[in-house]
Amino acid sequence: MVNYFSLFSLTESFDIDLASLSRTYQELQKLTHPDKFAGGSEQQKRVALQRNSQVNDGYQVLKAPVSRAEHLLALRGVELAHETQTMRDTDFLMQQMEWREALAEVDSAEQPMDVLDELNDTVDEQQAALKQRLSSLLGQPSQGNLQEAAESVRKLKFINKLQREIAETEERLEA
Amino acid sequence: MALLQISEPGLSAAPHERKLAIGIDLGTTHSLVASVRSGVAETLVDENGQHLLPSVVHYTTQGHRVGYEAYQDASKDAANTIVSVKRFLGRSVADIRHNWPSLPYEFVNEDAKSVSFNTAQGIKNPVQVSADILTELRGRAEASLGDEVTNAVITVPAYFDDAQRQGTKDAAALAGLNVMRLLNEPTAAALAYGLDSGQEGVIAVYDLGGGTFDISILRLNKGVFEVLSTGGDSALGGDDFDHALANAIADNVGFDATQRKQYYRHLVSAAKTVKEQLSDSPTARLDLAFGNMGEIEIAREQLNLLIEPFIKQTLRACRRALKDAEIGKDDVVEVVLVGGSTRVPFVRDQVESFFGRAPLSSIDPDKVVAVGAAIQADVLVGNKPDNEMLLLDVLPLSLGIETMGGLAEKIVARNTTIPVAKAQEFTTFKDGQTAMMIHVVQGERELVEDCRSLARFELTGIPPMAAGAAHIRVTFQVDADGLLSVSAMEKSSGVQADIQVKPSYGLEENEIADMLKASMSHAKGDMQARMLKEQQVEAARVLEALQSALAVDKALLDDRELAVLENTMADLDAAAKADSTDDIKAAIDAVDKASQVFAERRMDKSINLALAGQSVEQL
């Protein structure tokens, strides 16, 4: 597996400087884009294509907190991709169900936009808390912490999905 | 011919030695070729001073004609005159029958996945027809530039799928052109206006041609062009204006149905003339000699009323494209006009009031795409080593694979920056299974049947194992032109699976190879000599490049690696002195393999050096 942190010469950490990530991305594009090797040998073009693909993928992975955490976990031997592990935290699941119900019933509310705003705020809060938790767990990577971090990533995925659905509902109500 | 030029990336040849490269706008109704000369990108003319080449090829028993002459023949010999071949690239006969039910062509096999026409010159497919147009343009460029030209940038619509892009590239290969890049048409138009060096923000490219309308929303960010969304109507254009006006003229002079039918072609061509006059003056006079109807006068306002519904239709498509891009009209910082029909003043006015800003129109809207392509070709061929601009394209349509129940599972989402590679793991479901089939589709819908089938990849040579024990890692690689290739490896054994590609539309690889061979067969006598010479030149090129690289970076290899590489280089040197083309090819391949790691390490070294420099700057 390619270590995207080293490709972007970043320290392996959940907390990264996004501005510097984006600067390095532009720099790496200039060094690896196949257009820069249009007059080069087939081999140079091939190597550029491989490296540039990694640069593009690495940028996407590192940019978003969830995929960044997943990548960090994978580097530490905890593979989350395509896993079938189910969520065990029943409190979290109950909470999710409540929020989903609230979202489903928003149409019948008197002030649906207000309900959505409130829901948005609560969900954002939980998301921020999870991210902070992730950052501290990944900062001291013991085996137990890694497993808990993996659980946090799973939760964040739930939350991202919910946020997308809230946004879609918002758009539908505005139209 | 600068075949032997070798320079490290970033270092150009001597400044006076400009390398030749052309930009080609391979259009539906007409095509153009442009090149940068003395720092200025301009379209090149034929011997009659014409810039536009009608995208029409007429096949006769004697040969073929391209352009205006062929266009004249279209009405006389419709079955042998292929018009607007671009619509047929990467399409099946069924697609074409569905979209254009009354075409005058005789298709060779109605059921085939790839199209071929029966012409007086034999069977021709859309790739060959396109190649004939490209060859004509290449010839024009060589006459005009006074030297052999092989390097080209060719434009394609932003929404072109893999099969259509591949078809364009195959046509170029047949025409003897090396495609440095397939460039999206709207990106080319934006480049022509130098928008890459200007402000950042969203650019709308409004392209109204004779028969098609395209709207593209691009985002420019730090020298990076990204296509956000595209839309349009493949059956809406300036031709509709002409027909509407023709009918209005007929009404005006009181033609009955018979007269209307009898004089329809004259009416349409009269309408075209009136439309063009009205672009420059508020009224147009027309002598209707054909119906003895005398002279009539038409005001611009009359034309405006007639074409308003069509323009409204284009603006609705613009609104949808903005919505798809998730941006508002206010975010648009520039509007670029492309296509001859944007010369009509009312079109400009309406576009201006829709976007709330005056569109850019200083470059001839027929030429702007070719001009942009030429600018990019000049950069790619290495004439502007200091140019920092980078065109990052995105994948226009999501790539996915067929899974259980006819569902499409997305592998690479649309609007992902390319090149990109994604790996997916598969396992066998039967003991001893040695082959599997992967069906790749392109599109946004969830069901495979609603997406466009791209190809079926058959993997063979999987080592026999118990069911579920073989883990096959399949890598989907999309290159900078948006073209897909697939490779596969069994993980535990490291065995590379063989892959046969069965494209769903268009031509298979061996068909292209056969066509290439056939196109060269008239010169069979010196072909072998030429191929040997080419391989010897290539061998010299490979060795020289490696020697200079080793002189700098020998330390990147350990003694054993270096010994292996130097052995293969010695073999290649020996092979190049003998006269077996195949031996040289094999020796080049061996050197290529042995030096792959070296090439990777050199690139990583340059990356590390640059990034180290960057972090020092930031201290």
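The values are calculated or read from the model by the stated rules, or taken from the named source; none is laboratory data. Only a predicted model underlies this, so the values are computations on that prediction, with no experimental measurement involved. Cβ placement follows ideal geometry from the backbone for every residue including glycine, while neighbour counts extend to all protein chains displayed.
Here are some notes:
- All positions within segment B:336-366 that are in contact (Cβ under 8 Å) with a residue 24 or more places away in the chain, under 28 Å from B:Ile154 (Cα atoms) and part of a helix (DSSP H, G or I): B:Gly340, B:Ser341, B:Thr342, B:Arg343, B:Val347, B:Val351
- Yes/no for B:Ala79 being hydrophobic (A, V, I, L, M, F, W, C) and either in contact (Cβ under 8 Å) with a residue 40 or more places away in the chain or not in a loop (DSSP other than H, G, I, E, B) (or both): yes
- Considering residues of segment B:200-220 that are β-branched (Val, Ile, Thr) and part of a strand (DSSP E or B) only, the residue farthest from the chain's Cα centre (by Cα): B:Val202
- Among the residues making up segment B:565-587, those that are closer than 20 Å to A:Glu42 by Cβ and more than 14 Å from chain A (Cβ to nearest Cβ) are B:Asp571, B:Asp573, B:Ala575, B:Ala576, B:Thr581, B:Asp582, B:Asp583, B:Ile584, B:Ala586, B:Ala587.
- Only one of the listed residues (B:Asn304, B:Asn383) is more than 30 Å from B:Val40 (Cα to Cα) and of a type outside the set (A, V, I, L, M). That residue is B:Asn304.
- For segment B:367-384, the condition holds for no residue, the condition being that it is aliphatic (A, V, I, L, M) and part of a strand (DSSP E or B).
- Matching option when the condition is surrounded by fewer than 16 Cβ atoms within 10 Å (Cβ to Cβ) and closer than 30 Å to B:Gly194 by Cβ, among B:Ser31, B:Ser38, B:Ser75: B:Ser38
- Among residues of segment A:16-41 that are more than 7 Å from chain B (Cβ to nearest Cβ), those with a beta-carbon under 9 Å from a residue that is surrounded by 15 or more Cβ atoms within 10 Å (Cβ to Cβ) and assigned to a loop (DSSP other than H, G, I, E, B) at least six positions away or on a different chain give the pairs A:Ile16/A:Phe8; A:Ile16/A:Leu10; A:Asp17/A:Leu10; A:Ser20/A:Phe8; A:Ser20/A:Leu10; A:Leu21/A:Phe8; A:Leu21/A:Leu10; A:Tyr25/A:Phe8.
- Residue tally, condition outside any helix (DSSP H, G or I) and either touching a Gly at 6+ places or on another chain (Cβ under 6 Å) or buried (at least 16 other Cβ atoms within 10 Å of the Cβ) (or both), over segment B:121-149: 4
- Qualifying residues in segment B:541-560 (those that are within 12 Å of another protein chain (Cβ to nearest Cβ) and among the hydrophobic types (A, V, I, L, M, F, W, C)) - the one farthest from B:Ala590 (Cα to Cα): B:Ala549
- Candidates B:Gly254, B:Gly194, B:Gly238: the one that is in contact (Cβ under 8 Å) with a residue 24 or more places away in the chain and either more than 26 Å from B:Lys86 (Cβ to Cβ) or not aliphatic (A, V, I, L, M) (or both) is B:Gly238.
- Candidate set: segment B:395-404, residues that are over 18 Å from B:Ser485 (Cβ atoms) and in a strand (DSSP E or B); chosen: the one nearest to the other protein chains (Cβ to nearest Cβ): B:Thr403
- Filter result for B:Glu446 (farther than 15 Å from B:Asp161 by Cβ, under 34 Å from the mean Cα position of the chain (by Cα) and not small (Gly, Ala, Ser)): yes
- Listed conditions (1) under 23 Å from A:Leu156 (Cα atoms); (2) within 10 Å of chain B (Cβ to nearest Cβ); (3) among the small types (Gly, Ala, Ser) are all met by A:Ala74, apart from (2).
- Some residue of segment A:1-14 being assigned to a helix (DSSP H, G or I) and touching a residue at least 60 places away in the same chain (Cβ under 8 Å): yes
- Residue match in segment B:545-565 (condition: under 20 Å from B:Leu532 (Cβ atoms) and either of a type outside the set (Ser, Thr, Tyr) or in contact with a Pro (Cβ under 8 Å, 6 or more places away or on another chain) (or both)): no
- Helices (runs of 4 or more DSSP H) contained entirely in segment A:76-175, each with at least 1 residues that are without any contact (Cβ under 8 Å) to a residue 60 or more places away in the chain and closer than 30 Å to A:Glu12 by Cβ: A:112-139, A:143-174
- The numbered conditions (1) closer than 30 Å to B:Ile154 by Cα; (2) surrounded by fewer than 21 Cβ atoms within 10 Å (Cβ to Cβ); (3) not hydroxyl-bearing (Ser, Thr, Tyr) are all true for B:Asp378 except (2).
- Top-ranked residue of segment A:42-51 - restricted to ones that are modelled with pLDDT under 90 and within 7 Å of another protein chain (Cβ to nearest Cβ), ranked as nearest to the chain's Cα centre (by Cα): A:Gln44
- The number of residues in segment B:200-215 being of a type outside the set (Asp, Glu) and over 21 Å from B:Asp349 (Cβ atoms) comes to 4.
- Here A:Pro65 passes the criteria (1) facing chain B (nearest Cβ under 7 Å); (2) surrounded by fewer than 21 Cβ atoms within 10 Å (Cβ to Cβ) except the one numbered (1).
- Screening the candidates B:Ile6, B:Ile24, B:Ile96 for the property of being aliphatic (A, V, I, L, M) and at pLDDT 90 or above yields one hit, B:Ile24.
- Candidate set from segment B:405-423 (those that are of a type in the set (A, V, I, L, M) and under 12 Å from B:Val478 (Cα atoms)); member that is farthest from the other protein chains (Cβ to nearest Cβ): B:Ile411
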